[in-house]
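Below you'll find the structure, written out as structure tokens, and then a few comments.
The values are calculated or read from the model by the stated rules, or taken from the named source; none is laboratory data. Just so it is clear, the structure is predicted and the values come from calculations on it, not from any experiment. Quick reminder, even Gly has a Cβ in these numbers, built from the backbone with ideal geometry, and neighbours come from all protein chains shown.
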Amino acid sequence: MNGYLRVKIVGWFFLVLLAGCNPMNAASERHGSGETTADGDPIYEKNPHPTQAYRITMTIEDAPGPFEWISGTAFYEMTNHKQCTPIEPIAGVWSKSKEDGIPIHFKKINESTYVATIYADGMVDSDYYGKGVCRWELTSVDVSLRATGKHEETRFQPGIYKDKLLSGEPGVTYFWSGGYPKDEMDNYPDSGHSDPTQFKESLRNQLFKVTLLSTKETP
């Protein structure tokens, strides 16, 4: 499993549960300045008027069957987390969340192609903790594919990260078709491999490929 995705799975899946396949709605996601969680922490704001748009094109090749359930999330991270959030005085650690995400919606173009729009400026830079402005950057787009959407089905999870999002280089992930529609383990999170040679040689003719390509949109 891709190491980066392994770290992100718990937070990512929480957002997927919230988002499902609903389209991104920046206005409904935005929280007013000063709102807090039940623990008293500030709620990070989503930008109601983002301008830095990127078109994400997802292409699926040689799939063993259709994917009727597709969910995506654009992830953002604070670039100055230790400078703009408080340190825990006893533990000596920075425990405030440094990541947030915005659900995105993929529109089906044909049986193998889907498109979505994300925004590099999807989060609001703000002084959330009274220690200076926290600044955000887009770090990744993560996607989850299921055959029909049943909970027990495999979650095929391709992703594309900051360097390729901004450069326009495609992000390619290979998956073993034998895990479709369901693996031996219910709700199995399969993050695949970027290199087909990472699969056993006997499985390399049983793979399908998902490509994510980011294109900057002009205003």
Exclusive hit being over 22 Å from Tyr188 (Cα atoms) and small (Gly, Ala, Ser), set Ala74, Ala91: Ala91
Candidates Ala147, Ala120 - the one that is surrounded by 13 or more Cβ atoms within 10 Å (Cβ to Cβ), modelled with pLDDT of 95 or more and either among the acidic types (Asp, Glu) or under 30 Å from Glu35 (Cβ atoms) (or both): Ala120
Options Tyr76, Tyr4; residue that is within 17 Å of the chain's Cα centre (by Cα) and modelled with pLDDT of 80 or more: Tyr76
Odd one out for Asp163 among (1) more than 15 Å from the chain's Cα centre (by Cα); (2) surrounded by fewer than 13 Cβ atoms within 10 Å (Cβ to Cβ): (1)
Identity of the residue in segment 177-195, small (Gly, Ala, Ser) and surrounded by 17 or more Cβ atoms within 10 Å (Cβ to Cβ), that ends up farthest from Ala63 (Cα to Cα): Ser191
Strands (runs of 3 or more DSSP E) wholly inside segment 140-219 that include at least 3 residues being in contact with a Ser or Thr (Cβ under 8 Å, 6 or more places away or on another chain) and either free of Cβ contacts under 8 Å to residues at least 24 places away in the same chain or hydrophobic (A, V, I, L, M, F, W, C) (or both): 207-216
Filtered residues of segment 62-117 (kept if surrounded by 15 or more Cβ atoms within 10 Å (Cβ to Cβ), among the β-branched types (Val, Ile, Thr) and farther than 25 Å from Leu213 by Cβ): Thr85
